[in-house]
1. Roughly how far apart, in whole Å, are the Cα centres of the range 144-192 and the range 266-302?
2. Order of 52, 425 from fewest to most other C-beta atoms within 10 Å?
3. Report the Rg/Rh value for the range 176-417, based on alpha-carbon coordinates and the Kirkwood definition of Rh.
4. Over the chain, what portion of Cα pair distances is larger than 34 Å, expressed as a whole percent?
5. Order of 390, 13, 207 from fewest to most other C-beta atoms within 10 Å?
6. Quick one: angle between helix 145-154 and the longest Cα principal axis of the chain, in degrees between 0 and 90, rounded to 10, please.
7. Based on the Kirkwood radius over alpha-carbon pairs, what is the Stokes-Einstein translational diffusion coefficient of the range 33-179 at 25 °C with 0.890 mPa s viscosity, in µm²/s?
8. Evaluate the distance, in nm, between pseudo-label points positioned 7 Å from the Cα of residue 318 and of residue 249 along their respective Cα→Cβ axes.
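Please treat every number below as a calculation from the coordinates, not as lab data. Please read all numbers here as calculations on a predicted model, not as lab measurements. Here the Cβ is made from the backbone with ideal geometry for all residues, glycine too, and neighbour counts use every protein chain on show.
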C-alpha cells in the first residue's frame, strides 16, 4: 500500500493525485490481462531528454531531474516496486506517495527487477518489457544489454516480450490532470518565446538569446530535461541540436522547437522569429501555411488515422499553393508527434530527416493507427517551395476532441518579428 501524505512531510514538488495513479494502474493492468502478461518491467534509460524513461515515471511518479535512473516492476496483481540508487533519499515517502516498495540496488537495476519477479513466483511467467523492440523513434529498442541479460539469466524459463506498444496505447489518452499539466507547459513556452522576441537583436550572440528563452521558462517552474533544437541565420534550414556563438544579424530567422517540462510533461511550440525584418518569401509561405493550419486541426478528430492526416496535409498544400509565381508548386508535409511524459506515440513524419519524399519508418508502422479523444500532440506541418530553397513550419500543442483538434497556445499564427531594443548581456 502506498504511503500517504499524512505519514511524512513531503518535499514541495508538484504531483499527480492518488486517483490518477489508480486510473493509470487500472488501465495498464487491463491491457496486461488482455495480452496475457503476468508482470511488466520498465527499465532505466535517461536518453533523448529522458524520453526513454517515460514509462517508468508514468507508472511510479518516481523520476525527474538529470540523475534519476529508476526501474519499475508492475505485476498483474500485487505491489508495484521501484528499484533505484539512493533509493529512499530520492524516491522515498518524502518525494512521492504512489509506491511504498522502493528498493536500493546500487545501479544493478536488472538484478533488482529480477529479484522482485522471482519473489512474485514468475520464474516461468510472461513478462512485458518496456524498451524491448520497436519504440516510437527507437526501432532497435532502448533497454540496456546488461539490464536485459540480468533479467534473462535470472529468469531463463520466463518469456520476455516487448511491451512498449502496450504502454504507448495507455499513455496516448490523457486525463484531465495530464492535460492541465501540459497546459501549464504551453503557458511557460509562450513566456519563453516572449523573452526570445525581446533579446533577438542584431549583435546579440545566438546562445544569449537561447539562454534567455530557456531562463524565462525555468524561472517559472520548468524542470530539466527538455528538448531545444535551434538554428539561426539567413534562411537557415533545419534546426541544430544547440545554439552557436554567432552574433545575430538583421533579417536572420531563428527556427526552434521549444519545450518546458512540468512533472516531466513537455508541450512544444514551433514558432519562427525574424530579427527586425523577414525575407518576403518566408512571409508568403507563412500566409499559405495559415490558410491550411486551421483546416488541418478541423480534420484531426478521434478516429482519423496517421495516414489520413499525412494525405490530407498534402492535399491542402496543393490547394493553397499558387498556380504561378515563385511559390508555384509549393508542397505541404506533416510533422506531428505525441506530447506528454516522453516520446509519446505516434510520430507522424512525412519527409524531414527521412528524406523530402519519404515517410519515416515509425510513421509507416503507425499508418493505420487512429487518434483517440484527448490525445495531445505537437502539430507542426511545413510548407516548402518547389525548389526546396524556402520552408516555413509552424506548430502548437493541440488536444483532440470530437469537433477537431484544439490549440492549447494563445499566440497568433505567423512569423514573430522582433522590435529594436537595447539589451545587455554578460561580457566576461
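1. The range 144-192 and the range 266-302 have Cα centres spaced 30 Å from each other.
2. Details: 52 23, 425 14.
Listed from fewest to most nearby Cβ atoms, that is 425, 52.
3. For the range 176-417, the value is 0.95.
4. The calculated P(r) of the chain puts 35 percent of pairs beyond 34 Å.
5. 13, 207, 390
6. 20 degrees
7. After rounding, the answer is 161 µm²/s.
8. 3.9 nm
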